1. Viscosity 0.692 mPa s, temperature 37 °C: Stokes-Einstein D of segment 69-110 from its Kirkwood Cα radius, in µm² per second?
2. Quick check on the exposure proxy: order D57, D33 from fewest to most C-beta atoms within 10 angstrom.
3. Could you list the square roots of 5 times each eigenvalue of the Cα gyration tensor of segment 105-227, that is, the equivalent ellipsoid semi-axes, sorted largest first and rounded to whole Å?
4. Each residue of segment 46-54 in order: what ³J(HN,Hα) in whole Hz does its phi give by Karplus 6.51 cos²θ - 1.76 cosθ + 1.60, θ = phi - 60°, with x for Gly and Pro?
5. If I take R0 = 35 Å and measure r between the Cβ atoms of L164 and T191 in this structure, what FRET efficiency does the formula 1/(1 + (r/R0)^6) give, to the nearest 0.05?
Amino acid sequence: MPIARPWRSAAPLLALIGASAGIGLRAEAQTIDDAFAAAYRTNPQLLSARAQLRALDEGVPQALSGWRPTVTVGGSVGKAADTNRRRTDLNSTNVQDVGRTPDSANVIVTQPLYRGGQTVAAVSQAENNVQAGRATLQSVEQQVLLQTATAFANLARDKATVDLAINNVQVLTRQLTETRVQREVGTVTPTDVAQAESRLEQGRAAQIQAKEISHRHAPPTRTWSASRRRRTRRPLICRR
């Protein structure tokens, strides 16, 4: 069976992959390529790993800033008042108040020439952190894609098992009908009819078990979300 075969309904696949990978997928994904694309685009683990890698990328220019000059600009401004007293020849005092606004400004440029290898070590550490972050991102990508492929393969297996069980029940039903007709004409014994009925019941049991396993692997996440929304929208009743 080709793994990229389109499905009749994508809802079980989306529920399964959403539950296993921790994401909510929309209903347009129908092949394994669409499931890979949706998981690669919306998986929270991948989004977190990408954000961490971007943060590590910013550490490289920060480390390189150790080679660049540092400019410090400072200034001050204030208010001052001076009082001048002068005694005249007529034994009187002449008082004169003078106001002024003192201000100052300075610019300091510092260019590091040698920092004892600190800048070189910081740049090397930042670059190694980026390489480690890229390796971590690749590992997370592989894990998420593996989970998606496993979920898709499990769903394909469960669907094939259910289809086979349904087809088996249909075949056994036809065989039972033919056996009963043969019993009426006397070509078979009642034991043959009982054995045909037993095989049919076993086939129905296998069909129920296959459907149960398929439902177990594809939990109804969308139904749970809808019920949760209904609970949050319930109006509050104040009792006095």
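Every number here is computed from the coordinates shown, using simple stated rules; none is lab data. As the structure is a prediction and not an experimental result, all values here were calculated from the model. Counting neighbours? That spans all protein chains shown, and the Cβs are built from the backbone with ideal geometry, glycine included.
1. 241 µm²/s
2. In increasing order of surrounding Cβ atoms, one gets D33, D57.
3. Calculated on Cα positions only, the semi-axes equal 74, 16, 8 Å.
4. The phi angles translate into 5, 4, 5, 5, 5, 5, 5, 5, 5 Hz.
5. Once the sixth-power term is evaluated, E becomes 0.80.
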